[in-house]
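Asker: Submitted below is the structure of interest, expressed as structure tokens.
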Amino acid sequence: MAAEEHERAFGLERAELLARMDLNMWEMFREITRLSRGSELFETPQFWMAAAPHGTVFHNMVAIRDVVDLDALLAAVRSFYVRRGRPFSIWTRAHADAELDAALHARGFTDFLSMPAMALLGDPGTSCAPTSLEIRPACTDAQRRDYLHVSAEAYATYGAPRAYAEDAFATVESVCAPHIQGFVGYVADQPVAAAAVYVTHGVAGIGWVGTVPEQRGHGFAEAVTWAAVREGFRRGGAFANLQASPMGRPIYERMGFITPSEYHVLVGPA
């Protein structure tokens, strides 16, 4: 079934689906910033900017959410990032920001990466349950530390410093709140995999999916992702939403996620 037909089958037109995916993605990353120790968030109606003390180009993101004057955008970027010696990236939407994307390239920006914008429009009832894995919701400070450990080890693959994870998961509220729930997978009582759900705008946003390097290839990431997805549905999410990493995309496609669009992460001079 084509993506558009799949969307209509679940009562969602593509424009509505993409709008809700954007809203959930933006709010998930804003909430990560709000909960991260020492992080800052600057918002306007057209864009918002996040910065973390140990943030990389990826974490220190400028998210475009409406038509924006390029010179005004770059002036804000210089003030918020460049003059303070912070790395940054500008995130555009393939479905809404083509003109800005082209203008940024004309100013010397280049593509850092493209992230598939993926959605699971219902629970297909399938499962992934490795017999050696026990999945627990992260609700205590000890479980928060386990979640932090998995995320730090998993995302070091992409160059994320451990200090970033230590700031991002400094409190229990970062993994357990009325709209957030993290899950940790354990093998022989050792934390090996994690995923979280952020429920906003009636959407179950999935984030921080990861497995420690020495335990990859056993289906653990898929199993904790299912736990997060189904908790998101239980809390009222109409569909699940995520932005896929290169390692994660094949897993999510196998789970039934579709890819209606993508986000472009651009880096360059301001």
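Asker: Please compute the net charge surrounding residue 244, taking Lys and Arg as +1 and Asp and Glu as -1 over other residues with Cβ under 10 Å from its Cβ.
Answerer: Residues near residue 244 contribute -1 overall.
Asker: So what are the chain's ellipsoid semi-axes, whole angstrom, largest first, if each one is the square root of 5 times an eigenvalue of the alpha-carbon gyration tensor?
Answerer: 29, 23, 16
Asker: With the dipole of the chain worked out from charges on the C-beta (+1 for Lys and Arg, -1 for Asp and Glu) around the Cα centre, which of 170, 264, 76 lies farthest toward the positive end?
Answerer: With unit charges placed on the Cβ atoms, the residue in question is 170.
Asker: Using unit Cβ charges (K, R positive; D, E negative) and no other charged atoms, how large, in debye to the nearest 20, is the dipole of the chain about its Cα centre?
Answerer: In debye, rounded to 20, the chain gives about 500.
Asker: Taking 51 Å as R0, compute the FRET efficiency from the Cβ-Cβ separation of residue 66 and residue 254 and round it to 0.05.
Answerer: Rounded to the nearest 0.05, the efficiency is 0.90.
Asker: Related question: Given the Cα atoms of the range 1-137, and with Rh set as the inverse mean 1/r over their pairs in the Kirkwood sense, what is Rg to Rh to two decimals?
Answerer: Looking at the range 1-137, the ratio lands at 1.04.
Asker: With springs only between Cα atoms under 10 Å apart, run a GNM on the chain and tell me which of 93, 37, 84 wobbles the most.
Answerer: 84
Asker: Kindly point out which whole DSSP H helices in the chain project their C-alpha atoms 18 angstrom or further along the helix axis while averaging a Kyte-Doolittle hydropathy of -1.0 or above.
Answerer: Length and hydropathy pass: 14-35, 220-234.
Asker: How large is ³J(HN,Hα) for each residue in the range 237-251, as worked out from phi by the Karplus curve 6.51 cos²θ - 1.76 cosθ + 1.60 (θ = phi - 60°), to whole Hz, x for Gly and Pro?
Answerer: x, 6, 7, 9, 9, 7, 10, 8, 7, x, 6, x, 3, x, 5
Asker: Next question. Can you give the log10 of the normalised intensity I(q)/I(0) at q = 0.10, 0.12, 0.14, 0.18 Å⁻¹, computed with Debye over equal Cα scatterers of the range 112-263?
Answerer: -0.30, -0.44, -0.62, -1.07
Asker: Here's another thing I want to ask about it. Leaving ligands, DNA and RNA out of it, report the carbon-plus-sulfur percent of the accessible area of the chain at a 1.4 Å probe.
Answerer: Within the chain, the accessible surface is 54 percent carbon and sulfur.
Asker: Where only protein heavy atoms count, and the probe is 1.4 Å, what is the accessible area per residue for the range 108-214 in Å²?
Answerer: It amounts to 39 Å² per residue over the range 108-214.
Asker: Using each residue's phi in the range 156-169, evaluate 6.51 cos²θ - 1.76 cosθ + 1.60 at θ = phi - 60° and report the 3J(HN,Hα) Karplus result to the nearest Hz, with x for Gly and Pro.
Answerer: Karplus-based 3J(HN,Hα) across the range 156-169 equals 4, 4, 9, x, 6, x, 4, 4, 5, 5, 4, 6, 5, 10 Hz.
Asker: Highest mean first, how do 143-149, 66-72 rank when packing is the count of other Cβ atoms within 10 Å averaged over residues?
Answerer: 143-149, 66-72
Asker: Right, here's the next one. In angstroms, what radius of gyration and Dmax does the range 208-247 have, counting Cα atoms only?
Answerer: Every Cα atom of the range 208-247 included, Rg and Dmax give 11.5, 35 Å.
The values are calculated or read from the model by the stated rules, or taken from the named source; none is laboratory data. The shown structure was predicted, so the numbers you read here are calculated from the model rather than taken from an experiment. Because the Cβ atoms are built from the backbone with ideal geometry, glycine has one as well, and the counts that use them run over all protein chains shown. To get the accessible areas, we keep the full protein, side chains included, count just its heavy atoms, and leave off ligands, DNA and RNA. Shrake-Rupley method; radii C 1.70, N 1.55, O 1.52, S 1.80 Å.
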